[in-house]
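I have placed the structure first, in the form of structure tokens, so that the comments after it can refer back to it.
The values are calculated or read from the model by the stated rules, or taken from the named source; none is laboratory data. None of these values were measured; they are calculated from a predicted model. Quick reminder, even Gly has a Cβ in these numbers, built from the backbone with ideal geometry, and neighbours come from all protein chains shown.
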Amino acid sequence: MNKVNFVKNGISKLPPGFRFQPTDEELVFEYLKCKVFSYPLPATIIPEINVCKYDPSDLPGNCEERYFFSSKDTKYRNGNRMNRTTNSGYWKASGTDKRISTSACDGIVGIRKTLVFYEGKSPNGSRTNWVLHEHRLVTIENNYVNEIGDWVLCRLLMKKRSITESDGSTSHMHKRNKVRGLPRLFDFMMVSKSEHSSTSSSCSSSSNNIEVSSNALDHEETSGYADF
């Protein structure tokens, strides 16, 4: 049986209602391993593109998370350092590498490197919200990581701005209320004694003129729930 090809013109196209949300383990063990060793892929859904040759905004696709097989483009012919410079910026490593294990076998099968895109020239570029997770297939011998193959699997995403970054005034107000120990809607629930007494007298005086049947209310509530 032929497998369906979900890649058209370098862009992943899924039927309506379908989502591609693999775990790190699935990306490395089910997709990257098959790509490196030329095994049949579970599905043709990840296009091939040299990610670091393009600015992130120019890469194909419009999903929140985009996936690409990318060849290892080394900066120097005899070196292992990858070239991560694009037309208008560069990718810079952030944090420590995450080791990826799988339940199918005992041990580490991959690593995930996190990269952040900077606009401008290194080292004075401006940090953006573009994030790239670069998955690599590895073996570990005597605590030494050996990379396998000439392919990496990349997950591209746009990091969302936090509430503090998007609205500093809202965050400041929330912190101020938290310090005081008061709920934010406290002022709306305050009723003075004078207002309470006047309201009570008004309600008592008007209670003689207005009659509400509790049976009618019970009937309305019962009939309302009976419709579900």
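General observations
- Among the residues of the stretch 139-160, those identified as closer than 13 Å to Lys72 by Cβ and not small (Gly, Ala, Ser) are Glu147, Ile148, Asp150, Trp151, Val152, Leu153, Cys154.
- Scanning the stretch 100-114 for residues that are at pLDDT 95 or above and out of contact with any Asp or Glu (no Cβ under 6 Å at 6 or more places or on another chain) yields a total of 2.
- Any hit, the stretch 66-73, residues being more than 19 Å from the chain's Cα centre (by Cα), without any contact (Cβ under 8 Å) to a residue 24 or more places away in the chain and closer than 23 Å to Thr23 by Cβ: no
- Residue within the stretch 158-166 that is touching a Lys or Arg at 6+ places or on another chain (Cβ under 7 Å), of a type in the set (Val, Ile, Thr) and surrounded by 12 or more Cβ atoms within 10 Å (Cβ to Cβ) present: no
- Within the stretch 108-127, considering residues that are out of contact with any helix residue (DSSP H, G or I) (no Cβ under 8 Å at 6 or more places or on another chain) and either in contact (Cβ under 8 Å) with a residue 60 or more places away in the chain or small (Gly, Ala, Ser) (or both), the one surrounded by the fewest Cβ atoms within 10 Å (Cβ to Cβ): Ser126
- Among the residues of the stretch 42-65, just one is within 12 Å of His133 (Cα to Cα) and either modelled with pLDDT of 95 or more or not in a strand (DSSP E or B) (or both), namely Val51.
- Any chance Glu147 is modelled with pLDDT of 90 or more, surrounded by 10 or more Cβ atoms within 10 Å (Cβ to Cβ) and among the acidic types (Asp, Glu): yes
- Residue tally, condition at pLDDT below 75, under 28 Å from Ser103 (Cβ atoms) and either of a type in the set (Ser, Thr, Tyr) or surrounded by fewer than 12 Cβ atoms within 10 Å (Cβ to Cβ) (or both), over the stretch 6-36: 1
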